[in-house]
Structure formats: structure tokens, C-alpha cells
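Visitor: There's a structure below that I have some questions on.
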Amino acid sequence: MKSGRRPLVVGNWKMHGSRAENARLVEEMIGQYPPAPAALCVVCPPLVYLQDVARLLRGSAILLGAQTVCADAQGAFTGEVSAAMLKDVGCSYVIVGHSERRLLYRESDQAVARKFVAAQSKGLVPILCVGEQLAEREAERTFEVVARQLEAVLKLASMESLASAVLAYEPVWAIGTGRHASPEQAQDVHAFIRAQLAARDAKIAPLTRILYGGSVKAVNAAELFAMPDIDGGLIGGASLKADEFIAILSAARAH
């Protein structure tokens, strides 16, 4: 375990699944996931299936998360779901600032920061996603973009809030594109993020988990998780296959 950081693997099911498919997937996962795991596991199904999946996970060591949250506590926000509602149906975690939310739904850094604060206000653990697009990578602006996204949250939340949060670096150019970041490229950014945190608080920085989310699969998970600042993964498509996802969890446990 790296400096006391327990590995974490998060399955983001995105807009996939059905009640029957979810039941089969959860049953297979529970059958292969140990009751006292060395690595934590969270699954994030679509919002409409949260209560169903919460029931399916009852009594297991697998935790429930949501894919997004509203920044406001309540009110006339048709189609939105608050942090209190997520907590009420059994969520422990919630993803904020996923690259698809930033890109497709135009969520700004400031909006993501508000969601981060809203999640923590109701006892949810936010999984804060940061990362650059291909043009930004090619322009050598990766560190600039990641620092900006992180700074927006730190302006609204305290550094201490990161002690009960999770970060996830997801290079947008390596998600579903057939391109991959090497373990060394991923580690460079993770080390940069940790250095940014250490500049603010040398005690919190080494304890903060930073996940990698760029097309992690069973074949590359071990190499990625062996890097000193990569503490697990935010997994997309591979989390929809129980065997593949459990193999990734096994790789996390080994590091």
C-alpha cells in the first residue's frame, strides 16, 4: 500500500445497462470479489438504476457511486439530482467533472467546483476528474490545464477537503480513441498533481488518492498501478465485463 493509500477502483457504467444486465453483472462481481478486499471497489451505474443496484450490492463489500450530481441542494432544477438524494438511495461516492460532462455538457471548472462542495456537504466522497484534450496535450499545456481545473476547486473548497476526496486524472485523448498514455506519461501527470497538493499541504498530499482513467484494461492495469503516484483506476467500458473488472481489481490489490 503506497504511503497508506488504499487502492481504489471505480467502475463508471456511463449510459449502459438494463435491470437484467445490471443484476447479472453485480452477481458475477460479488461472486469474485473478496469480502475483505485489499482494494476498494465502487460502481457508478446510471442514475435511474441507483436504487436497484444499491439493493443488489447489499451485504457485499462493493460500494455505490453516482456519475454526477447537481450543485444545488434543492429547487426548480428539472432533471437534476441532489447530493442528499444520492445519499438517501445509498451512494457513498459521486464523480464530478468527468471529461464527458465538461466537454458534452459544457460544465465549467467553476460548476465542477460547486458540485464538489455540494457532494461533500452531504457526506459523499467526490471523485474529482481533471485532464487535457488532445490539442492541449499537443500544445504542451497538460500541466497548465490540470492545474487550472484543480485550482478552481481549491478556491471554493479548502485543501483539507481533499483529505476526504479522490482525484482522477483522465487524459481525454486516451479515452475511447484507440490511443493510450504510457504508464510513464500517466505517472508524470500524477506526480505533478501530487506536487501541486504538496505545495499547499505536505501532510495531505501523500495521503490523497489519485486514480488514472484513460482506457484502463486488464492488460495494462498492472503496469499503470505499479507507478508510485497511481492509486487505482476510473474504469469505463472494462467495468461492464465482470471478469475484466475483477482482473483490474486484482492488479490494484497487488500494488
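Just so it is clear, none of the values below were taken in a lab; they were calculated from the coordinates. Here the structure is a predicted model, which means the values were calculated and not measured. Counting neighbours? That spans all protein chains shown, and the Cβs are built from the backbone with ideal geometry, glycine included.
Visitor: How big is the Kirkwood radius of region 32-75, worked out from every pair of different alpha carbons and given in Å to one decimal?
Guide: Kirkwood radius, region 32-75: 12.0 Å.
Visitor: In addition: With n ≥ 4 as the cut-off for DSSP H runs, can you work out [θ] at 222 nm for the chain, using -39500 (n - 2.57) per run divided by the number of residues, rounded to the nearest 500?
Guide: Counting only the DSSP helices, I get -12000 deg cm²/dmol.
Visitor: Okay, next question. In the Gaussian network model of the chain, springs joining C-alpha atoms below 10 Å, which of 233, 213, 59 carries the largest mean-square fluctuation?
Guide: It is 59.
Visitor: Would you work out the charge dipole size for the chain about its Cα centre, treating the Cβ of every Lys and Arg as +1 and the Cβ of every Asp and Glu as -1, and quote it to the nearest 20 debye?
Guide: Taking the Cα centre of the chain as origin, the dipole is about 520 debye.
Visitor: So which aspartates and glutamates can residue 241 reach, going by Cα to Cα under 16 Å and dropping same-chain residues fewer than 8 places off?
Guide: List returned: 21, 27, 28.
Visitor: Right, something else. Largest first and in whole Å, what are the equivalent-ellipsoid semi-axes of region 178-229 based on the Cα gyration tensor, each being the root of 5 times an eigenvalue?
Guide: 23, 10, 8
Visitor: Where does each of 123-135, 74-86, 98-110 land if you order them by average Cβ count within 10 Å, highest first? If you can, show how the numbers build up before the last one.
Guide: Values: 123-135: 21.5, 74-86: 14.2, 98-110: 15.8.
Put in order of decreasing packing, that is 123-135, 98-110, 74-86.
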